[in-house]
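Worksheet: the structure to be examined is printed underneath.
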Amino acid sequence: MNDVEHDLRELFHDRAGSLPVSALAPETVLRRGRRRQVSVVAAGTAMVVVVVAIAAGAIAIVGSGRTSMPAAPSALPPRTATIHGIQVSAPAGWTLIDDWPLASLLPTTSQTCSFSATGIPVGPSPAGAGTSTETTGQPSATCSTETAPLPAGVPVVQLANFSFPLDGSLCHVEQLRSVDLPADGVAVYVAAFDGAMTTADVLDACPGGRSLTTFADRSVRTLYVAVSIVGPDASPGDVSTVDRLMESLGGLRIPDEQPVATSPGYVVAAGDDGTLTWRIEAGFPVRGSSSGIGATLITADENGHETVSDPVAPVEPGQEPSAQTQPLRPEPSALIWGTSSRDVTSIANVTPDGITTQATLIPWPEGLRSTTAESDQSQLDGSIWFAIVAEPGRIEVTSAPSVTGLQRGAVLHAGSDGADASWSLVYQDEQCVRLQVDTSSIGGVGDCLPPWADLESHGGRPLIGGVYGHQLAVIVIVLPADATIDSFRTDGTGPNPDCATIHVESNFAGTQFCIFPLAVGATATITLDANGDPLGSPIGIAAQPGTIELTEGGARTVGAGSPAPSP
Amino acid sequence: MVDETSSEPGQGAMADLYARYVPAAVRLAFLLTGDPQRAEDLAHDAFVRCVGRFVYLRSQTAFDAYLRRSVVNLHTSRIRRRYLEREWLRREGPPRAHATTTLPDVEGREDLWRVLGTLPPRQRAALVLRYYEDLSEQETATVLGCSVAAVKSLVARGSDALRDRIAEGGER
């Protein structure tokens, strides 16, 4: 043992031994531990759901009839947001709009002024090009102010159990689009309560208005009114959600300072870490872009002082998701968030010590579409995403196959006979998928199989191809997606056809491939329904060494078969 | 007692886990950070993480090993390291010159302790794991997530740095 090692050992044990340490667990630590257990289990559950979803998606790509395009992001999650001092709990799927910026955008008064002044000529100007005047008396101005008709006040927050446009209003406000209340709809409308208004005016201006409550800012300079709106067929659960919010608003005092958001937005996610509240809003905050669509993060400290992030625009397909980080407590936990394109199906944060947290992907609110130009609406096909992570780490992104993502060599489907033979459909290009067959002794690749659309344009008859060996043939039939095999008979011992419909967005979308092995010397007879073969003739296939022979029916063979190499 | 075969510790079992393992973790964290408050925070953070992952631990009887690894990982993680460095600079100010180099008297240990605080976190962690926790080079490598060769290098460089810096202090 050298001197430093010896000294270090003594030092460490002296220092560590001198440190007073309690073995009693502080209550706060136990609470954090419990919360952590819950969140980890929830994250694990979410991961299972994601894995199942991905598996389901993968099955759907080649499966029977279900859509295979990127899994739709989940609907709006439950949110408890503090919107400029107003705490609102919105159940999953409900629309919650921060309309605070409207107060500065909507004119509530108009002022007309006329000015008068007198002047006298003072001689030619230095350039001799006219005269100048000089006022000799005080100018006078006469102004008249008119209040714009806002019977229900300018909305600041709107909550509803249905979707409505961002420029919509649940109560009558002339400058905004009126929203019809569905029969089972419920809503809460919170607005600035102008001194000239009466509560009766407000209720009258809100179809379905049931009750109201008022509150003020901290200096009691501005009053606000909240109206509960209930449709005739509203469910008791939804009504009680609205009632709870109304009760919580009574007597509220909200911050005096101005809100920071510059444009109204859908609150799509929200939370707090005990000292900081945050919310992600989707709307039109992006300046200088044609659509203006974007998302912002708004945080508020314990005093209600708000800060808004730079807006984040939607992401085009094929691009990496945008990612922002907001530190949270306890350090080093954080909120990570951003936008992602429509082909992204999952985003995860992986911490340096390997903890994976799946992000929540939220669709851009449907209500944005009605206020977005047709040409920009594709931007709304992507997602806004967020995750609360123990520590920012590596971002892992999973994307679904797409037209641009479908690469040469991609396996569209794979199967086997459960014994010796396995097969796969390999994407070559937009006109060609090849059947690849492997057994323990031989392997082979078939000729190009065309998409059903091409066959349909040439008479709409199924195509039969495959890989033909000297002991075994693997047959593939190209069919439309809605075709079914009415009967399959064989004197061999192989399994029934393995059918897969391609849904990946490509020329092959809607093409069904049915694959089955057939021992050389055996025959199979297939009867398709009318969608598969309008002529309805049974197709007989006999496997011979290195080839097949169609013994019945009218299906073509068009060179799709390919002899497998001899063993 | 902790039911270490259960799938997830409840509140009482969690308190038992704390009593059994956290004091040692605090001491380890103290040797890594040099700050009792930071050490406690670090050990608590690590404990919360390990409790949260308890159900997923491959060997739930090795809770102390996971806790140790978590303490070291948290300590050496970039964000925490930066924070600790800022905190250290704020508390300690610029390094002071010391006249004593004799070891192992009390002043010498103070110097050693002070110089230890100037080592990069992974070097310090390697020294603490080897000479306080008495882990083998292989076990240290596992905790630090590096190779045995890297552990040897960290320990050698850390020891050399300690010698050099104490010698420098003695010459002033």
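Structure data summary
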{"item": "Unmet requirement for A:Thr356, which otherwise passes all of (1) among the hydroxyl-bearing types (Ser, Thr, Tyr); (2) crowded, with 18+ Cβ neighbours inside 10 Å; (3) within 14 Å of another protein chain (Cβ to nearest Cβ)", "result": "(2)"}
{"item": "The range A:9-38, residues that are surrounded by 13 or more Cβ atoms within 10 Å (Cβ to Cβ), among the β-branched types (Val, Ile, Thr) and in contact with a His (Cβ under 9 Å, 6 or more places away or on another chain)", "result": "A:Val29"}
{"item": "Qualifying residue in the range A:382-393 (condition: modelled with pLDDT of 85 or more, within 30 Å of A:Asp167 (Cβ to Cβ) and among the hydroxyl-bearing types (Ser, Thr, Tyr))", "result": "yes"}
{"item": "Which listed residue is at positive phi and out of contact with any Leu (no Cβ under 7 Å at 6 or more places or on another chain), from A:Gly444, A:Gly510", "result": "A:Gly510"}
{"item": "Some residue of the range A:240-250 being surrounded by 20 or more Cβ atoms within 10 Å (Cβ to Cβ), over 21 Å from A:Leu176 (Cβ atoms), under 29 Å from the mean Cα position of the chain (by Cα) and of a type in the set (Gly, Ala, Ser)", "result": "no"}
{"item": "Test result for B:Arg124, over 24 Å from A:Ser18 (Cα atoms) and either out of contact with any Ser or Thr (no Cβ under 6 Å at 6 or more places or on another chain) or at pLDDT below 80 (or both)", "result": "no"}
{"item": "From the options A:Gln377, A:Gln326, residue that is over 22 Å from B:Ser70 (Cβ atoms) and more than 19 Å from the chain's Cα centre (by Cα)", "result": "A:Gln326"}
{"item": "Some residue of the range A:367-382 being part of a strand (DSSP E or B) and of a type outside the set (Phe, Trp, Tyr)", "result": "no"}
{"item": "Selection count where residues are at pLDDT below 80, facing chain A (nearest Cβ under 7 Å) and surrounded by 14 or more Cβ atoms within 10 Å (Cβ to Cβ), scope the range B:1-39", "result": "2"}
{"item": "Strands (runs of 3 or more DSSP E) (entirely within the range A:414-505) containing at least 2 residues that are surrounded by fewer than 19 Cβ atoms within 10 Å (Cβ to Cβ) and either under 40 Å from the mean Cα position of the chain (by Cα) or at pLDDT 80 or above (or both)", "result": "A:422-429, A:432-438, A:443-449, A:485-490"}
{"item": "Enumeration of residues in the range A:310-325 that are buried (at least 19 other Cβ atoms within 10 Å of the Cβ) and in contact with a Leu (Cβ under 9 Å, 6 or more places away or on another chain)", "result": "A:Val312, A:Pro314"}
{"item": "Count of residues meeting criterion [loosely packed, with under 15 Cβ neighbours inside 10 Å, more than 13 Å from chain A (Cβ to nearest Cβ) and either of a type in the set (Val, Ile, Thr) or part of a loop (DSSP other than H, G, I, E, B) (or both)] in the range B:119-172", "result": "5"}
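A quick yes/no check of all residues on (1) among the polar types (S, T, N, Q); (2) at pLDDT 85 or above:
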| position | (1), (2) |
| --- | --- |
| A:Glu316 | no, yes |
| A:Ser341 | yes, yes |
| A:Thr345 | yes, no |
| A:Ala359 | no, no |
| A:Gly367 | no, yes |
| A:Glu374 | no, no |
| A:Val403 | no, no |
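The values are calculated or read from the model by the stated rules, or taken from the named source; none is laboratory data. Predicted, not measured: the structure shown is a model, and the values here were computed from it. When we count neighbours, we look across all protein chains shown, and the Cβ atoms used for this are built from the backbone with ideal geometry, even at glycine.
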